[in-house]
Amino acid sequence: MSFHLPAIDRAVAGLRCHNRGVKPLARTVSGVTASGIRRYFDLAATVEGVVSLGVGEPKYPCPPAAKAAAIAAIESDDDAYTSNFGRLSFRKAISDEMKRLYGVSYRPETEILVTTGVSEGADLALRAILEEGDEVIVTEPAYVSYGPTVTFVGGKVIALSSSAANDFEPDPDAIRKAVTNRTKAIVLGYPSNPTGATPSREVIEAILAIAIEHDLWLISDEIYGRLVYGVEHTCVSALPGAWERTIMMGGFSKAYAMTGWRIGYACAPAAVIEVMMKVHQYTMLCAPTISQIACEAALRHSEKDVETLVAAMEAKRNYFVSSLNELGLECRPPKGSFYAFPSVAKSGLDSETFTERLLKEHKVLVVPGTAFCSWSGDETTGRNHVRCCYAVPDEDLQKAVERMAQFMKATR
């Protein structure tokens, strides 16, 4: 069985070729490698009968209220362009939810922007604040888009490593030492993809103090904010002194199981949202109308669905993490998200070899930790861990555990 990716290999080769009749491609883009997540996702497509713990989406239906609203909108032809900022009624619903959950206020008319997923929101936020050569601090392991997005707009990633011994929480002291006169922002992506790290309020407050001291922006990706277990999620912008320097992002892909609807939102001071909207206006125009209508209905009528999903994720987390530890794949229970980030050290394999062999020999897909540590140079963490998404049906999760048990026996 071949594990080469001809299409990707050809694309990479094409970037290396120089056509004398055409000037070079943009180095800020062509110099960035493709996502490790997508590489293994494409790899899995060549193997039949795979149990995938690789892609970060809950295998759940979206809320009935969202489906009904979308169907009604389609049938009534309510599908025209919306404001660049998004439907005002939707922004009002987002504003109400931010107030209800975290006690933080945003004016729906000027301080909320509906985006095409949180990934677009992060891109817009960085475009709005960065100049060429500005530095952005990111703690790894981290979501794969942060580093490339900074690079695409001419910024420089200052990536710091974190430790499993400290539940992969960011280290305020390390962040303070990393600040220079070129530092413009700190990215906070918590609860974390891929580790499930959910820093305490005290840790976030310490990072906020650094941002205040050095006049820095905070880019806060809180897409997993509803998915926490036994702890409280700290909404960064709700902290005293944070609102005016924070661009907070949320969305519907995770807690509402609406990944393909592609809706997120950004909340920030009006001046920031206005600049973000300019880029959004000329590149996306507006987020999909039907999706906005569906997500507004989900926000207003689907709290019970969210609570049910979160409870299910916690049960899956408890089962899966316990099973991993029994197999010798050491893993602390994540406090948030729906990922486990176990160590594969006891298998005697590095994470990429572990991933490829587990897929080839036992048809279970995970993602090597190297996909999430490519900017800090922290080879130890990346090569010793894999990310597993446990937001799959119980029978698939059980099947994955059984196959991983067989694999671990074979490696000893």
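The values are calculated or read from the model by the stated rules, or taken from the named source; none is laboratory data. It should be emphasised that the depicted structure is a prediction, and the values quoted were computed from it without experimental measurement. Cβ: placed from backbone, ideal geometry, glycine included. Neighbour counts: every protein chain shown.
For the range 188-215, a residue qualifies if it is in contact (Cβ under 8 Å) with a residue 60 or more places away in the chain and either of a type in the set (A, V, I, L, M) or part of a strand (DSSP E or B) (or both), and exactly one does: A197.
Of all the residues in the range 368-380, those that are touching a helix residue (DSSP H, G or I) at 6+ places or on another chain (Cβ under 6 Å) and either crowded, with 23+ Cβ neighbours inside 10 Å or outside any helix (DSSP H, G or I) (or both) number 5.
Of the residues screened, G260 is one that is under 19 Å from the mean Cα position of the chain (by Cα) and surrounded by fewer than 16 Cβ atoms within 10 Å (Cβ to Cβ). Evaluation of Y106 against the conditions (1) touching a Cys at 6+ places or on another chain (Cβ under 7 Å); (2) surrounded by fewer than 18 Cβ atoms within 10 Å (Cβ to Cβ) shows that the sole unmet condition is (2). The one condition from (1) crowded, with 16+ Cβ neighbours inside 10 Å; (2) touching a Ser or Thr at 6+ places or on another chain (Cβ under 9 Å) that A128 does not meet is (2). The single condition from (1) under 22 Å from A159 (Cα atoms); (2) in a loop (DSSP other than H, G, I, E, B) that I247 fails is (2).
From the list C331, C295, C286, exactly one residue is modelled with pLDDT of 95 or more, part of a loop (DSSP other than H, G, I, E, B) and under 27 Å from A122 (Cβ atoms). Which is it?
Working: C331 fails: under 27 Å from A122 (Cβ atoms); C295 fails: part of a loop (DSSP other than H, G, I, E, B).
Among C331, C295, C286, only C286 is modelled with pLDDT of 95 or more, part of a loop (DSSP other than H, G, I, E, B) and under 27 Å from A122 (Cβ atoms).
Taking the criterion of being in contact (Cβ under 8 Å) with a residue 40 or more places away in the chain, of a type outside the set (K, R) and in contact with a Phe, Trp or Tyr (Cβ under 9 Å, 6 or more places away or on another chain), the residues of the range 169-187 that qualify are A185, I186, V187. The one condition from (1) free of Cβ contacts under 8 Å to residues at least 40 places away in the same chain; (2) closer than 16 Å to R226 by Cβ; (3) surrounded by 19 or more Cβ atoms within 10 Å (Cβ to Cβ) that D305 does not meet is (1).
Provide a single number: the residues in the range 254-267 that are under 19 Å from M284 (Cα atoms) and among the aliphatic types (A, V, I, L, M). Number of matching residues: 2.
A quick yes/no check of all residues on (1) hydroxyl-bearing (S, T, Y); (2) closer than 22 Å to S145 by Cα:
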| site | (1), (2) |
| --- | --- |
| L309 | no, no |
| G348 | no, no |
| T353 | yes, no |
| A371 | no, yes |
| E379 | no, yes |
| H385 | no, yes |
| D394 | no, no |
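For the range 131-168, the tally of residues that are of a type in the set (A, V, I, L, M, F, W, C), closer than 17 Å to H214 by Cβ and either in the same structural domain as F341 (by TED's automatic domain parsing) or in contact with a Phe, Trp or Tyr (Cβ under 9 Å, 6 or more places away or on another chain) (or both) stands at 3. Sub-8 Å Cβ pairs linking a first residue in the range 263-283 that is within 22 Å of G225 (Cα to Cα) to a second residue that is among the hydroxyl-bearing types (S, T, Y) and assigned to a strand (DSSP E or B), at least 6 apart or interchain, are I263/T115; G264/T115; Y265/T115; A266/T115; A268/T246, ordered by first then second residue.
Go through the residues of the range 275-287 one by one and say whether even a single one is among the charged types (D, E, K, R) and under 20 Å from the mean Cα position of the chain (by Cα). Quick ask: steps written out before the conclusion?
Here is the first cut: in the range 275-287, the residues among the charged types (D, E, K, R) are 278.
So of that shortlist, the ones also under 20 Å from the mean Cα position of the chain (by Cα) come out as none.
For the range 275-287, residues among the charged types (D, E, K, R) and under 20 Å from the mean Cα position of the chain (by Cα): absent.
Only a single criterion out of (1) within 20 Å of the chain's Cα centre (by Cα); (2) crowded, with 21+ Cβ neighbours inside 10 Å; (3) in a helix (DSSP H, G or I) is not satisfied by F90, namely (1).
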